[in-house]
Amino acid sequence: MAAANHKADLMHRISELSFVLDEMRLFLDTHPECTEGLEYYNRHAALRKEAVDEYTRLYGPIQFYDVTDTNKWQWVCGPWPWEGAC
C-alpha cells in the first residue's frame, strides 16, 4: 500500500509542478524580460524533472518519450488508465 501511495503522491507532485510551469510559460510569454519569473520557472522545471526522473525510475515512463529500456518497449507494460492507472 505504501508504494501505491508514493506513486500517487509523486504523480500528484508532477501534476502540480506541470501546472506551475504552464502558468509561468503564459506569464513569460507576456513578460519575457522578467528575470525573477524566469528563475522561478527554471527552479520549478528542475524540480519537475527530478520528480519525473524518480517516477520513471520507480514506476516506468509517464510518456512514451521517456522509454529508456533498449531491450523491450516498456510503454505498454503498466496498467492502462481504464485498468486503474490514473
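Of note:
- In the set (1) aliphatic (A, V, I, L, M); (2) open to solvent by 70 Å² or more (accessible area, probe 1.4 Å); (3) part of a loop (DSSP other than H, G, I, E, B), LEU58 fails one condition alone, (3).
- One residue alone among LEU47, LEU28, LEU17 is surrounded by 15 or more Cβ atoms within 10 Å (Cβ to Cβ), over 29 Å from THR68 (Cα atoms) and not polar (S, T, N, Q), and that residue is LEU28.
- Checking the stated criteria, TYR55 turns out to be at pLDDT 90 or above and in contact with a helix residue (DSSP H, G or I) (Cβ under 6 Å, 6 or more places away or on another chain).
The values are calculated or read from the model by the stated rules, or taken from the named source; none is laboratory data. Since we're looking at a predicted model, the values are computed, not measured. Note: ideal-geometry Cβ built from the backbone for every residue, glycine included; neighbour counts use all protein chains shown. Keep in mind that these areas ignore ligands, DNA and RNA; they rest on the heavy atoms of the full protein, side chains included. Shrake-Rupley method; radii C 1.70, N 1.55, O 1.52, S 1.80 Å.
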